[in-house]
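Right, one structure below, let's go through it.
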Amino acid sequence: GVSSVANGILNQVNLNQIYVHIRPPRALEPANADALQLAIVPLNLSAAFAQEFVLKRSRQSNYEDAFISYISLEVDGEAIILSTLYIYWRRAKTLWGRVWTNVSHCLLMGKSVGIMLYSGESNSSPELVVIPCRSTSCAMHLYSYLAANSHRMGNPINVIPVDIVEYTLDEFSTSIGFQDDDISELFIQHLELESDRIVGLKGISLLGELDGYRFGSVNFTKLKPITGSEEDVLKRNQFFIGRGYSSWQELDSMLWRLIWEWECVHSGFCRCAVVVLINRSHSPVQLDRVQLLLGRNVVFMGTQSTGYCPRSRTV
């Protein structure tokens, strides 16, 4: 029985013939709950081919890249392909692409989405690339994907949150009574005014001023150079920060010392980001989970003296 089946397979299959996949593997996108986990998207051959294009291009050019999303523009087969390094705009006979590091921010422009570049194609001056869509809902769909990757852009503060844009769009459509097909320049002007207001509020919140003291005031102060390992730097600064502080300036100085010593023991492009969580409410806040989009490690520094409980991870 088994030998006859094996002989049948051997007679039917040509060992010298090269077989290829009928279709590429299913496209995998980062999950909404955790960007480090990949999720299978609904069967879409265009997305599968886009994923294969991103991976093949990176292998051939000897750099690391990963597929993020495929967004159809619903116009003559045009689509936007997002990877960890590039934004691609696939058109009928051309392929446009730019690295995320050349993107300042994106904005919704009615039935289009604008991508602001630091340097344009013809010269080194800034350039606005406008991507037309079939409808406002299609443009909103594309904008939501780009806004979800605003952390890859140079000025994510200029990217208005999707919920603010949707609220503004609903409010404007209700008051003006326009349909999706006849959206006018009036809405774009209205959204730009709302954008300026939101960005202004964000700018105020990012100043980092608390009780009259602005965090970052001691940055770039030259301290005594040190030697040692990364582990020594983390343990030493964890000890000093854990003892507590008497003022915001003292805390700010501790944070700058951590960054200074980190740069002393690292050469090349190896950065650390220090985030301070200050809870001024009357209720504790629990740090349930940290989602690390880029980087290799997260270290919590704090003790009861600083108002942090390591066991329950509450502030």
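The values are calculated or read from the model by the stated rules, or taken from the named source; none is laboratory data. Keep in mind that this is a model prediction, so the values were computed, not measured. Here the Cβ is made from the backbone with ideal geometry for all residues, glycine too, and neighbour counts use every protein chain on show. Accessible surface areas use protein heavy atoms only, side chains included; no ligands, DNA or RNA. Shrake-Rupley method; radii C 1.70, N 1.55, O 1.52, S 1.80 Å.
So the values come out like this:
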read-out	value
Linear extension gain, S46 paired with K93, 0.36 nm per residue minus alpha-carbon span	15.3 nm
Anchor K93: lysines whose Cα lies under 22 Å away (excluding residues fewer than 8 positions away in-chain)	K56
Alpha-carbon radius of gyration plus Dmax, which is the widest Cα pair, for the stretch 50-156 in Å	13.3, 39
20 °C / 1.002 mPa s Stokes-Einstein diffusion coefficient of the stretch 231-315, Kirkwood radius on C-alpha pairs, µm²/s	151
Gyration tensor verdict on the stretch 55-103 (Cα atoms; rounded if a/c is under 1.5, prolate if a/b is larger than b/c, oblate otherwise)	prolate
Equivalent ellipsoid dimensions for the stretch 272-315 as semi-axes, Å, which come from the Cα gyration tensor, largest first	20, 11, 11
Inter-site label distance for Q60 and V75 at 7 Å from Cα along Cβ, in nm	2.7
Listed residues T94, T314, T101 arranged by accessible area, highest first, probe 1.4 Å	T101, T94, T314
Contact order normalised by residue count of the stretch 256-315, Cα under 8 Å, 6+ apart, percent	30
